[in-house]
Amino acid sequence: MPSTATSVVAAVTIGLYAISWYMTASSASGQLNPASAMGGISGEVLLRLGAKSPYILAGQWWRLVTAIFLHAGLLHIGMNLWCLFDLGPQVESMFSAAKFIVFYLVAGVAGFVLSLWWSPFGMSVGASGAILGLIGVLIGVSFHHGHLGKEYRGQLWRWVIYILIFGLFFAVDNAAHIGGLATGLLLGYVVPEGEAETRAAQNLWNTLAVFAVVIIAGSFALMALQLTQPLR
C-alpha cells in the first residue's frame with residue numbers, strides 16, 4: 001500500500017492532471033475533441049501550467065518543479081503512478097518520508113536540468129525523472145547489502161534498461177530520465193538508510209523536507225500568478 005508521502009505526491013499529480021484535462025476540454029469551442037476525450041492534454045495547457053520549456057531560460061525557474069507533476073495523457077500518468085506506487089513505499093520504508101520527499105524533488109529537478117541542457121528549446125513534462133531517481137536511490141543503497149543487494153540491483157537495472165529502450169522509440173525525454181537516475185544513484189549511495197540517528201540529523205532532514213514542500217508550493221504559486229498572462 002502507498003505510504004503517506006507517496007500518497008500525497010500521487011494526489012497532487014492526479015489533481016494537476018484533472019485540472020489540465022479540464023482546461024484542455026474547456027479550451028477553444030468548449031467541446032471535447034478526440035485527444036481530450038481520450039485523456040490527452042494540449043501542449044498550450046501544459047505550457048500554461050508549467051511544462052519544462054525555453055521559458056526557464058527567461059527566468060521561469062519554477063517550471064523545473066511544476067513540470068514534475070504534469071502529464072501529457074492517461075497512459076503517461078498511469079505508467080508513472082504505477083511505478084510511484086511500487087517504488088515510493090520502498091524508498092520511504094528504507095529511508096524515511098522526509099528523505100523520500102527530498103529525493104523525489106531533487107531527482108526530478110536534476111532530470112529537467114539535464115533535459116534543458118540537452119534540449120533547451122524542447123518541451124517536456126512528467127514524473128519520469130523523479131521516478132528514475134527513486135530507482136537510482138534503490139540501486140545506490142543496494143551496494144550496502146552484499147549478495148542480496150546485488151540480486152536486487154540486477155532487477156532494478158533491468159527496469160532502467162526497459163525504460164530507456166522504450167524512450168528510444170517514443171517521444172520520451174531520456175535526458176530527464178538519465179539526470180534523475182544519476183542523481184538518485186548518488187543519493188542512495190551516500191545518504192544513510194533509516195530514520196536519522198541523532199536529533200540534529202533528524203531536524204536537518206525534517207527541515208529539508210519542509211523546504212522541499214515550500215519550493216513545490218511556491219513554484220505552483222508562481223505558475224498561478226502568470227496563468228492568465230500572455231506567453232512570451
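State whether one or more residues within segment 137-144 are in contact (Cβ under 8 Å) with a residue 12 or more places away in the chain and either within 14 Å of residue 102 (Cα to Cα) or loosely packed, with under 12 Cβ neighbours inside 10 Å (or both).
Yes - at least one qualifying residue is present in segment 137-144.
Could you say whether any residue in segment 217-230 is modelled with pLDDT under 95 and on the phi > 0 side of the Ramachandran plot?
No, the conditions are met nowhere in segment 217-230.
Taking into account only those residues within segment 198-232 that are touching a residue at least 60 places away in the same chain (Cβ under 8 Å) and of a type in the set (Phe, Trp, Tyr), which is farthest from residue 103 (Cα to Cα)?
Of everything passing the filter in segment 198-232, 220 is farthest from residue 103 (Cα to Cα).
Filter segment 181-232 down to residues that are crowded, with 17+ Cβ neighbours inside 10 Å and of a type in the set (Gly, Ala, Ser), then give me how many there are.
Counting residues in segment 181-232 that are crowded, with 17+ Cβ neighbours inside 10 Å and of a type in the set (Gly, Ala, Ser) gives 7.
Which of the residues spanning segment 161-184 are assigned to a helix (DSSP H, G or I), touching a helix residue (DSSP H, G or I) at 6+ places or on another chain (Cβ under 6 Å) and modelled with pLDDT of 85 or more?
Scanning segment 161-184 gives 174, 175, 176, 177, 179, 180, 181, 183, 184.
Given the conditions (1) surrounded by 21 or more Cβ atoms within 10 Å (Cβ to Cβ); (2) within 18 Å of residue 185 (Cβ to Cβ), which single one is not true for residue 77?
Exception for residue 77: condition (2).
Considering (1) in contact with a strand residue (DSSP E or B) (Cβ under 9 Å, 6 or more places away or on another chain); (2) closer than 21 Å to residue 6 by Cα; (3) hydrophobic (A, V, I, L, M, F, W, C), say which one residue 208 fails and leave the rest.
Of (1) in contact with a strand residue (DSSP E or B) (Cβ under 9 Å, 6 or more places away or on another chain); (2) closer than 21 Å to residue 6 by Cα; (3) hydrophobic (A, V, I, L, M, F, W, C), only one is false for residue 208: (1).
For residue 195, all conditions in the list (1) touching a residue at least 12 places away in the same chain (Cβ under 8 Å); (2) in a helix (DSSP H, G or I) hold save one; what is the number of the exception?
(2)
Which count do you get for residues in segment 200-232 that are of a type outside the set (Val, Ile, Thr) and under 21 Å from residue 91 (Cα atoms)?
10
Taking the conditions exactly as written (under 28 Å from residue 210 (Cα atoms) and either surrounded by fewer than 21 Cβ atoms within 10 Å (Cβ to Cβ) or in contact (Cβ under 8 Å) with a residue 12 or more places away in the chain (or both)), does residue 131 satisfy them or not?
For residue 131, the condition - under 28 Å from residue 210 (Cα atoms) and either surrounded by fewer than 21 Cβ atoms within 10 Å (Cβ to Cβ) or in contact (Cβ under 8 Å) with a residue 12 or more places away in the chain (or both) - is met.
The values are calculated or read from the model by the stated rules, or taken from the named source; none is laboratory data. Keep in mind that what you see is a predicted model, and the values were worked out from it rather than measured. Glycine also receives a Cβ, built like all others from the backbone with ideal geometry; neighbour counts cover every protein chain displayed.
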